[in-house]
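K.L.:
Submitted below is the structure of interest, expressed as structure tokens.
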Amino acid sequence: MTTQRTVGTAHAIQKGLSMRRVSLGRLVTLLLAACALIAAGCGGDDSGGSSSSKGGGTKTGANTGGKQGGSVTFLAAADVDYLDPGQTYYTFGYMVHYAVNRTLYSFTPEDSNKPVADIADGDPTISDDSKTITVKIKKGIKFAPPVSREVTTKDIKYAIERAFTSNVPSGYATSYFAEIEGAPAAPVKYQKLKDFSGLQTPDDQTLIIKLTKPVAQRVAAALVMPITTPVPREYASKFDQKAPSTYDQYVAFTGPYMVKNDPTTGKVVGRDPGKKIEIVRNPNWSKDTDYRPAYFDSVTIEEGNDDTTVAERRTLSGSKLMCCDGEVPIAILKRALTRYKDQLGRVPGGGTRWIALNTTQKPFDNLNVRKAVIAGFDRNALRLTRGGEEVGPIAQSFIPPGIPGHDESGGDQGFTDFDWMQTPAGDPALSKKYMLAAKAEGVPVSADGKYAGTDRILTIATNADPGKTTATVAQTELNKLGFKLNFRLVPQDVLYTKFCGVPKAAVAICPNVGWFKDFQDPESMLEPTFDGTAIKPQGNVNWSQINEPGINAAMKKAALLPIGPERSKAWADINKLIVAQAPGIPYVWDDSFQTASSDVNAVMNGYYTTWDLSFSSLK
């Protein structure tokens, strides 16, 4: 980050504790192991360059020639997951969140590796024992009406603490911030929430984070996440006392924009779930405190566009439109890559797409069945639903290109000692071998190696393309292997919030899941999604519900390693342990694409891989 001023009282506050100011840009550079994912490209083509160097343009940048004013409409199939910054954990939700709220640190569109100070007033200071972080924040940042007061560090302290309650089920609080002194090991009821001794606010501009373990570098890197969005306790506590919290309907916004609300009560009136979100200017936002240009006067999100092919065509031929909350359907993408390059945004996805197999549901509680499914699947066909070889390589593990640990995991080739992962086109003979092995263990399997159970397996898929097509291809592949599905289509937000993210829903197959970087570290790729102790009753992202003691223990040990080769190798070894459990069918490390009308100077943010509403403008 550019601001490099000292924290004048840090040493006194820390009672002489030795401290050092650490650039978050330096932290993520270390985490990347000298590989800049967006700026320099560490994507998946065979040459070692970014897959974004192929056809189509990458629309990122500061948009210095942006036009002030005007309004656009964003076409969406579904709704955001949450407006509540303590709960949002979904790409579409992030797009809205980073326009209507601010975090301690965040990313400009130019670079998703080097965080910039947002609410923070410069880089964090980290103690030499890596157990204390000190952050100073800016003055003059105010909440939107009706709160309308200046943000203090007490608001950030409360925001982090509330995310550890069952009333505000965060998807990552106990994963990335569990080492804060006084933080509960598992979510507690709001009424039992106590102040964290490790979150200290000696004055309104100073936040001190004390940790029980030497993981300050990782925690500091995670300060870009929505959990650091300030929440005013005196206003929000009455909503947070309800289970679940109703703060989602009364958010006190801090960004250049806000969802239209009643300025007296704070009630969000500009959101009609499944239909519309009205984003307007925040009257209390000060440009002097923010790096965002915030060109638009307003953005209307028009939801319910289930036919994304129609929505994409409407966008490409229309005016003042941006699209969409999912990936571009393959037919439109092929056309856009040749005829509408100037209207196509493209950035490396920084993640993995896979089909999750619930290891707690029969027959996928059997390891040989899971290996058989992966061995027999045509993963090339799955990738074709996202654009084929053009969009990125077949995924062979769960650490994508550009993240430390990828090269140590065999790179794009993956782990060659797992035979069920070696034939992306599918290997029927190998699949049969594993199914017959499962039969010997009591699984109903026919003599020809097909699943012979009579149960219909609950499968929840998105109702919008390209995910819908991906799920349909997956259904065909599963049918070939003898599986009969109870196949249901729902909006993408419902898929996560009501089904795949809720273990008690007992969904056996989730064909539309994917995990993309929270920050540049292998722990952020593997711990939330495969640590058994991270399984949550709501907002769960360990969709396979894998809970292997050896993996859990290895993660706890690797989390304590300093950034560098040893840490990367340890997480690569964990990646191998996960692949050995065959918890899902990884099928692509793809780029992310978005479209806009020709009169919109649309800019993508490489961090959350969709349009950046605060940097885009009309031409």
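None of the figures in this text is laboratory data; all of them are computed from the coordinates on show. Model, not experiment: these values are computed from the prediction. Positions of Cβ are backbone-derived with ideal geometry, glycine not excepted, and every protein chain shown enters the neighbour counts.
K.L.:
What list of ³J(HN,Hα) couplings, whole Hz, do you get for the stretch 147-161 from phi and the Karplus terms 6.51, -1.76, 1.60, once you set θ to phi - 60° and write x for glycine and proline?
P.N.:
5, 6, 10, 6, 6, 10, 5, 5, 6, 6, 4, 5, 4, 5, 5
K.L.:
Nearest-5 percent of antiparallel DSSP beta bridges in the chain? Intermediate results must be reported in sequence, preceding the final value.
P.N.:
Values: 53 of 70 bridges.
Once the DSSP bridges in the chain are tallied, antiparallel ones form about 75 percent.
K.L.:
If you plug each phi of the stretch 368-384 into the Karplus form 6.51 cos²θ - 1.76 cosθ + 1.60 with θ = phi - 60°, what whole-Hz ³J(HN,Hα) values come out, in order, with x for Gly and Pro?
P.N.:
5, 5, 5, 5, 4, 5, 5, 4, x, 6, 8, 6, 4, 5, 5, 5, 4
K.L.:
Can you tell me the order of 265-275, 458-468 when each peptide is scored by its average per-residue count of other Cβ atoms within 10 angstrom, highest first? Could you put the intermediate results ahead of the total?
P.N.:
Values: 265-275: 14.9, 458-468: 23.8.
Sorting 265-275, 458-468 by mean packing, highest first, produces 458-468, 265-275.
K.L.:
Considering only the other residues whose Cβ falls under 12 Å of the Cβ of Ala395, what net charge follows from Lys and Arg at +1 and Asp and Glu at -1? Numbers along the way, then the final one.
P.N.:
Working: positive: Arg353, Arg379, Arg383, Arg386; negative: Asp412, Asp590.
With Lys, Arg at +1 and Asp, Glu at -1, the neighbours total +2.
K.L.:
Next question. Between Thr476 and Ser197, what FRET efficiency comes out of the Förster formula 1/(1 + (r/R0)^6) with R0 = 56 Å and r the beta carbon distance, rounded to 0.05?
P.N.:
On the way: r = 55 Å, r/R0 = 0.98.
Computed FRET efficiency for Ser197 and Thr476 comes out at 0.55.
K.L.:
Starting from 0.36 nm per residue, how many nanometres of slack lie between Ser298 and Ala425 once their C-alpha separation is accounted for?
P.N.:
Taking Ser298 through Ala425 to full extension adds about 41.0 nm, to one decimal.
K.L.:
On each of the three principal axes of the Cα atoms of the stretch 220-336, give max minus min coordinate, whole Å, ordered largest first.
P.N.:
The Cα atoms of the stretch 220-336 stretch 52, 36, 33 Å along their principal axes.
K.L.:
How much length is gained if the chain between Arg149 and Lys260 is pulled fully straight, taking 0.36 nm per residue apart and subtracting their Cα-Cα distance, in nm to one decimal?
P.N.:
Additional length available on full extension: 38.1 nm.
K.L.:
Based on the alpha carbon coordinates of the stretch 351-589, what radius of gyration and maximum Cα-Cα distance (Dmax) apply, in Å?
P.N.:
In Å, with Rg to one decimal and Dmax whole: 16.8, 51.
K.L.:
Another question about this same structure. Between Gln249 and Thr454, what length comes free when the chain is fully extended (0.36 nm per residue of separation minus the Cα-Cα distance, one decimal in nm)?
P.N.:
Working: separation 205, 0.36 × 205 = 73.80 nm, distance 4.42 nm.
Net length gain for the segment: 69.4 nm.
K.L.:
What fraction of the DSSP beta bridges in the stretch 351-589 is antiparallel, stated in percent and rounded to the nearest 5? Display every interim value, and only then the final one.
P.N.:
Details: 11 of 19 bridges.
Around 60 percent antiparallel, to the nearest 5.
K.L.:
If each residue's Cβ is checked for other Cβ atoms within 10 Å, how do Asp111, Asp195 rank with the fewest at the top?
P.N.:
Asp195, Asp111
K.L.:
Out of all Cα-Cα pairs in the stretch 101-219, roughly what percent, to the nearest whole number, are more than 24 Å apart?
P.N.:
29 percent
K.L.:
For the pair Thr309 and Lys238, how long in nm is the line joining their label points, each one 7 Å along Cα→Cβ?
P.N.:
5.1 nm
K.L.:
To the nearest 500 deg cm²/dmol, what mean residue ellipticity at 222 nm is calculated for the chain from DSSP H runs of n ≥ 4 alone, each contributing -39,500 (n - 2.57), summed and divided by the residues? All intermediate terms of the calculation are to be shown ahead of the outcome.
P.N.:
Details: 16 runs with 148 residues, N = 619.
Only helices count here, giving -7000 deg cm²/dmol.
K.L.:
Shifting gears a bit: Rank by packing, highest mean first: peptides 571-577, 291-297, 160-166, with packing defined as the count of other Cβ atoms within 10 Å averaged across residues. Intermediate values should be presented prior to the final figure.
P.N.:
Numbers: 571-577: 21.4, 291-297: 19.3, 160-166: 24.7.
Those peptides, ordered most packed to least, come out 160-166, 571-577, 291-297.
K.L.:
Here's something else I'd like to know. Assuming R0 = 51 Å, what is the FRET efficiency of Asp599 and Glu441, from their Cβ-Cβ distance, to the nearest 0.05? Before the final figure, lay out the partial values.
P.N.:
Working: r = 61 Å, r/R0 = 1.20.
Calculated value: 0.25.
K.L.:
Apply the Karplus parameterisation 6.51 cos²θ - 1.76 cosθ + 1.60, with θ equal to phi minus 60°, to every residue of the stretch 309-324 and state each ³J(HN,Hα) to the nearest whole Hz, in sequence, with x for glycine and proline.
P.N.:
With coefficients 6.51, -1.76 and 1.60, one gets 4, 5, 5, 5, 4, 4, 5, 5, 9, x, 9, 6, 10, 10, 8, 9 Hz.
K.L.:
A further question follows. Compute for the stretch 520-619: radius of gyration divided by Kirkwood radius, i.e. Rg/Rh, restricted to C-alpha atoms, rounded to two decimals. Could the numbers behind the result be given before it?
P.N.:
Numbers: Rg = 18.1 Å, Rh = 16.1 Å.
Reported Rg/Rh (Cα atoms, Kirkwood Rh): 1.12.
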